[in-house]
Amino acid sequence: MKKALATLCFLLLLIVPLSSFCQSNADTVTHKIAAVHKEKLTGRLYNASTGNPISSEEFSEMIAENPEIKLERIYNNRGVVEKFLYHPESPNFIPDQAANKPQEGEVFPDLIVNSVDEEEVSIAHLKGQWIIIRFGFFTKMMDMNDYGMYLESLENIPSEIAYTAIHFSLDNEQEVIKTLKPLSKKEKLVANCRNFFDMLHIKNMPTTLLVNPQQKVVKYFTRENYSEIPMVITSNGIN
């Protein structure tokens, strides 16, 4: 019975709230989404304070005493959870990591993703060219006017400039292909990116940023200044 309980506890249901702030012409709308994900914790659970692993038996006792325990997830560059951290000083809350979102002037993480066209894309392998990264919401909830303005800015980038545009979507591959692929000819579309949003602490959608040829974040953009993307690139030299 004890072994069965331990196994059950180590198939943890993670409830992850995702917030989106989708701007319209008049106001800002917030959509709060709860996603339930099953994750195996065996061999991947650690005490954040000591670094020591937590066994299934230990965690079974902990969860029996406190069913509201929250765990922080640590990802590799492919967006796969490598380990879970238990914070004993605040067991019911995951520490706020918003400040760890990629900041202007910092090197953007070396993510590796697979596009809906089955192309592997590595940020590190794109060094030497500009990268435009877009984090988008579920396609049915997207502000398509905003998206159209963004795509127009890509069309205005001079043809002699080497760049790659990558669109990270929360939606599944089928919806991304059906909704975005007919509209977007200049983006590499990536589906099922919830883990990347969590990993990079992206809470507001859409989030659009520009990475220079040295792989550093140059600037974040909104619908008010998408038109500046080509200008920022050209003012920093054509590559």
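The values are calculated or read from the model by the stated rules, or taken from the named source; none is laboratory data. Because the structure is predicted, anything quoted here is derived from the model rather than measured. FYI the Cβ positions are ideal-geometry reconstructions off the backbone, even for glycines, and counts take in every protein chain you see.
Name the residue that is nearest to the chain's Cα centre (by Cα), counting only residues in region 48-87 that are part of a loop (DSSP other than H, G, I, E, B) and β-branched (Val, Ile, Thr).
Checked region 48-87; the qualifying residue nearest to the chain's Cα centre (by Cα) is VAL80.
Residue by residue, here is whether (1) out of contact with any His (no Cβ under 8 Å at 6 or more places or on another chain); (2) modelled with pLDDT under 50; (3) in the same structural domain as ARG134 (by TED's automatic domain parsing); (4) within 17 Å of ARG194 (Cβ to Cβ) holds:
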residue: ILE15; (1), (2), (3), (4): yes, yes, no, yes
residue: SER19; (1), (2), (3), (4): no, yes, no, yes
residue: THR42; (1), (2), (3), (4): yes, no, no, no
residue: GLY51; (1), (2), (3), (4): yes, no, no, no
residue: GLU65; (1), (2), (3), (4): yes, no, no, no
residue: ASN77; (1), (2), (3), (4): yes, no, no, yes
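Look through LEU189, LEU209 and report the one residue that is modelled with pLDDT of 95 or more and closer than 26 Å to GLU72 by Cα.
Working: LEU189 fails: closer than 26 Å to GLU72 by Cα.
That would be LEU209, the only listed residue that is modelled with pLDDT of 95 or more and closer than 26 Å to GLU72 by Cα.
Scan region 133-172 for residues that are modelled with pLDDT under 95 and among the small types (Gly, Ala, Ser) and jot them down.
The answer is SER159, ALA162.
Restricting to region 112-161, count the residues that are among the aliphatic types (A, V, I, L, M) and farther than 23 Å from PRO102 by Cβ.
Counting residues in region 112-161 that are among the aliphatic types (A, V, I, L, M) and farther than 23 Å from PRO102 by Cβ gives 3.
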